[in-house]
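None of the figures in this text is laboratory data; all of them are computed from the coordinates on show. Keep in mind the model is a prediction, meaning the values are calculated, not measured. Virtual Cβ from ideal backbone geometry, glycine too; neighbours counted across all protein chains shown.
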Amino acid sequence: MSQGQSSVMPSRSTLRGSKPPKRPKSKKRKSKLKVFFITLFFLLLGLLLAIAGWLSYLLLQTDEAFDTISIVDETVATPVPVKESVKKKPVSMVIMGIDSRSGGGGLNTDVLMVASFDPESKSASIVSIPRDTLIQVEGYRGRKANRFYADFFMAARNEGRSKEEAAIEAKEEFRSVLGKLFGIDIKYATVVNFKGFEDTVDLLGGIDVYVDMRMKYTDSHDGTNIDLQKGQQQLNGKQTLDFVRYRQSNDGTNMSSDFDRNRRQSEVVGALVDKLMTIGGVSKIGSIIEKMSENVQTDMPEKEISRMINTYLGIKSSNLTFMPLEGSWKSPYVYINEESLQKTRNELQAKMGMPVDAAE
């Protein structure tokens, strides 16, 4: 190394050329970012508050609806402990569909199902019963299935009971009849007016089903006007009810049996459940519950209704097992097939966690 040369070797950065020092961010830019994040924070906070407010409103509305739906006076009735509730234990109930239109079927139950629900598997078994089925069990006079509730209600009214008291007694008696038939404890009974059924389908925007035959029937007495073409299609509320209830055309052709109607009922229930579980359906649950409160009556306590909905809200048609109670028609009754009765008993009992064949 020659004299005058520095003994310090140049660094790699010196050889490559040093980068200019970074300029500090301007205060103006920092200020803009701060304003942006504050604005974003308050927008999110406002959104959360709006959602919370909507949920609070929905909760209030559904609580009011449950109070209307339940005919049980919870100020008098013994509360159901959580460990004994539908949230923790399997439960069975009767579901009855009636037509309360002027000139309609009154209190006769045109749609009749017994359903057992299991909270652990989030599933249910549903047995549909033809309306003309002759039911004969110990302690009760035999009659058509669709006559029991109306007869019990009128008997209670004739003994001086109020409408509310008569409704409770009629549900209790009918639960007892069907409990004896299937060998299970049926804890609750629910009556659904067909108007509520129509409204629910309409609120969901209709359902897609396959109409299995040409259906044309009119009746000026009760205002029935059924006019459906055969084939896959979307039905509104009225059309869906027509599809479920159709029996025959005015000239007696295109006959439809109780068993056909029960099959259609099962198809419609499955389609409704699946439609309800869509994003659009879930968003309308509050409106549906509010609308159903005008057309549904049950002896299930208000808190149990809430627990029931919360427990089975995500149920799908694939979690539902439908079974018809079959029989043979000989006017004026459908006589129960004993093999079918045993199969449906076993299905309901198994869902309740009972050993099959454990009939009372």
*When each of 216/284; 171/351; 195/284; 88/180 is checked by Cα-Cα distance, pairs over 27 Å*: 216/284
*What percentages, rounded to whole numbers, describe P(r) for the stretch 161-315 computed over all alpha carbon pairs with 10 Å bin width beginning at zero?*
9, 31, 34, 23, 3
*Among 78, 252, 349 the positive-end extreme of the charge dipole of the stretch 70-351 (Cβ point charges)*: 349
*Cα-only Debye scattering, the stretch 70-351: base-10 log of I(q)/I(0) at q = 0.07, 0.08, 0.15, 0.16 Å⁻¹*: -0.25, -0.33, -1.29, -1.50
_Given contacts defined as C-alpha pairs under 8 Å and at least six residues apart, what's the relative contact order of the stretch 70-351, whole-number percent?_
26
*Hey, what do the phi angles of the stretch 202-215 turn into as Karplus ³J(HN,Hα) couplings, whole Hz, using 6.51/-1.76/1.60 and θ = phi - 60°, x for Gly and Pro?*
5, 4, 7, x, x, 10, 9, 9, 9, 7, 7, 7, 5, 10
*Phi-based couplings in Hz for the stretch 182-191 (Karplus 6.51, -1.76, 1.60; Gly and Pro marked x)*: 9, x, 9, 8, 9, 8, 9, 9, 10, 10
_Can you list residues from other chains, or at least 5 along the same chain, whose modelled amide H is less than 5 Å from the amide H of residue 321?_
124, 125, 126
*asked:* Give me, ordered by chain and number, the residues 5 or more places off residue 211 or on other chains with an amide H under 5 Å from its own placed amide H.
replied: 231, 232, 233
